[in-house]
Structures are given as structure tokens and as C-alpha cells.
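As C-alpha cells, the structure follows; a few thoughts come after it.
Coordinate-derived values only; no laboratory data. None of the values given here were measured: they were computed from a predicted structure. Cβ coordinates were reconstructed from backbone atoms using ideal geometry, including for glycine residues, and neighbour counts include every protein chain displayed.
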């Protein structure tokens, strides 16, 4: 009923689930996605595609606040993605555990 890949995941997550779930890989994946969204916002702002946003962004002192906001958004997104990945793995583990106990 359970495939070999699912069995390997079950054994792996059974060991890993008790450890702290602050892993580097999902955090970096979420951080890179958040920074790419921030880069997209900067590109749109610098090209003047949306004139009103460009006027607000070009006010004196706003460059620093925009960069701080992008960094904070990126780290927040990275943390949320890390938590989401952990919850997805935990849910998959519980489903496989239920299937194993059902036999």
C-alpha cells in the first residue's frame, strides 16, 4: 500500500520530527523568493512603469526605507515558507502513519 519512496520519507521524518525544525534549505528557498519579489518591485519602481509609485518612491530618504522593507519582507517570507514546509512534511507523515496503522 505504501511505496518505497513513502516508506523512506516515513523513516526519515520519524527521526527528524523531534529535532528543531529550523532548517537552512527551506529558509534559503523562501528568502530567495522574497528577495526576487523585492527585486521585481525595485525594477518596476526604477523603470517608471507605475508613475505614482515612482513619485512616492523617489521622495528624499525613501530609498533606505524601501530596502529595509524588502529585507524584512524577505526574511518574513522565508520564515513563513520554512514553517509551511515543516507543516507539510508533518501532515504527510501523519497520513502515512495512518495508512500504516490501518493495515
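What is the helix-to-structure angle for 62-102, meaning the angle in degrees between its Cα long axis and the longest Cα principal axis of the chain, kept from 0 to 90 and rounded to the nearest 10? The two axes meet at around 10 degrees. Spin-label model, residue 19 to residue 71: label points 7 Å out along the Cα-to-beta-carbon direction sit 3.0 nm apart. The modelled label-to-label distance between residue 88 and residue 3, using points 7 Å beyond Cα along the C-beta direction, is 1.6 nm.
Kirkwood radius for the chain, taken over all pairs of different Cα atoms as the inverse mean of 1/r, rounds to 16.5 Å. Axis angle, to the nearest 10 degrees, between helix 24-47 and the longest C-alpha principal axis of the chain: 20 degrees.
Pairs of Cα atoms in region 26-86 fall into 10 Å distance bins, from 0 up to the last occupied one, in shares of 24, 43, 23, 9, 0 percent.
Computed from the C-beta positions of residue 32 and residue 101 and an R0 of 25 Å, the FRET efficiency is 0.05 to the nearest 0.05.
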